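Worksheet: the structure to be examined is printed underneath.
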Amino acid sequence: MEDASQAVDGLHESPGPPKEYGRRQIVRFLDRRDYERFLQRWRIGAPRSGEPNCGIRPLPLIQAVSCPADDALRLTLALAGKTVCEEDAPVRTRALPKGAIVTDKGIPWGVRRIQAPQAWGRTTGYRVKVGVIDTGVDYGHPDLRHSLERGINLLNRMALPQDDNGHGTHIAGTIAAANELQGMIGVAPRSMIYPVKAFDHNGTAYVSDIVLGIEWCVRNHMDVVNMSFGMRTRSRSLLSAVNHAYHSGVLIVASSGNEGRVGDIDYPAGFGQTIAVGATNRTGRIAKFTNRSSHIDIYAPGDRIMSSWLKGKHREMSGTSMATSHVTGAIALLLSLRPGLSPGQIKSIVKNAAVPLRSAKAPRTAGELNVTRMLSATDQL
């Protein structure tokens, strides 16, 4: 108990978060009992603020805290040998520069390409719970009015996770838009989107925001989670959270990144417990911008994808983010038919049912998403 008291001493007078991203640390406790003792002592004098970014941020899913770097140093010195520390690094949403606002809507080419409409006679993703950790969603968008649950705003817990960037709304539209006559229709139009706003208006978050988002998704029993963002560095804290979700039955679908790198993809897509997604274009070839490696599990449409945008509009965007939302929607269709499938079973079905890529130079480790083949594979189980 003395260690916990020493560790807490002075932390409540911390000046709060730095103004720039990347100047925080995640301190993970090696023993849960040490973590619980620390939290008990800290909460006695913790500020009654609803803002998660002030000072110490508990991360119970991975028995850790996020805090400013000077506080992290105090903690690790006070609890020598009982903690491990790493940067609470910035993470960014993954899309190329915005395309034009569009007026032609209906069923987007990517939704047709993966053969989602052929499945709607059997499954529309009815009531499958989809967590979308992103910039929030436009709650006033007519395409999404029947597809949205409240979710959570991790940046301001008193507010709705309202989108102030556009990226999250675009992702949600591809997954679950349900307004074909006046707007568009997504891959799984009767699935339910639970927006988890972890990213600010610039599309930037900390790793700790993502960990808290994953924790919320696990605690609220999401069936599948869309994570259209990435980072170059491998975070042990993020891996720990992804592992926890996987073993809790919550599958994470993640984008590989848009820098055109070969042999190297972003994290969390680089973790084996996710479904890693690359992007294809209208011809079924790998898009030039997509990162690619043997770690990619599936490719899906990601080039010039039309979807929902802020203020009820629609916009074309390109990126592995857009490809990821197609895969998440396809998994929602699958889970509506077979709700008991484990993350491992889903990943196997998605990969084994893929259509071979068209280019002769394409890697043979992954193909393109195909809903018809997915459902046929499921019927064989």
Legend entry - Residue satisfying all of: in the range 114-168; assigned to a loop (DSSP other than H, G, I, E, B) and among the polar types (S, T, N, Q); nearest to residue 298 (Cα to Cα) among these: 115
Legend entry - Residue, surrounded by the most Cβ atoms within 10 Å (Cβ to Cβ), within the range 214-240, restricted to residues that are touching a Ser or Thr at 6+ places or on another chain (Cβ under 9 Å) and of a type in the set (A, V, I, L, M): 227
Legend entry - Positions within the range 319-342 being surrounded by fewer than 24 Cβ atoms within 10 Å (Cβ to Cβ) and within 14 Å of residue 298 (Cβ to Cβ), in sequence order: none
Inset, instruction - Kindly indicate the residue of the range 286-302 that is closer than 13 Å to residue 260 by Cβ and touching a Ser or Thr at 6+ places or on another chain (Cβ under 9 Å) and also surrounded by the most Cβ atoms within 10 Å (Cβ to Cβ) among those meeting that condition. - result: 302
Inset, instruction - Go through (1) assigned by TED's automatic domain parsing to the domain that holds residue 257; (2) farther than 20 Å from residue 222 by Cβ; (3) surrounded by fewer than 18 Cβ atoms within 10 Å (Cβ to Cβ) and name the single condition residue 110 misses. - result: (3)
Legend entry - Filter result for residue 211 (outside the structural domain of residue 83 (by TED's automatic domain parsing), at pLDDT 95 or above, outside any helix (DSSP H, G or I) and crowded, with 24+ Cβ neighbours inside 10 Å): no
Legend entry - Answer from 132, 137 - the residue that is buried (at least 22 other Cβ atoms within 10 Å of the Cβ), under 15 Å from residue 329 (Cα atoms) and either aliphatic (A, V, I, L, M) or outside the structural domain of residue 281 (by TED's automatic domain parsing) (or both): 132
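The values are calculated or read from the model by the stated rules, or taken from the named source; none is laboratory data. None of these values were measured; they are calculated from a predicted model. Cβ sites come from the backbone with ideal geometry, for glycine too, and all protein chains shown count toward neighbours.
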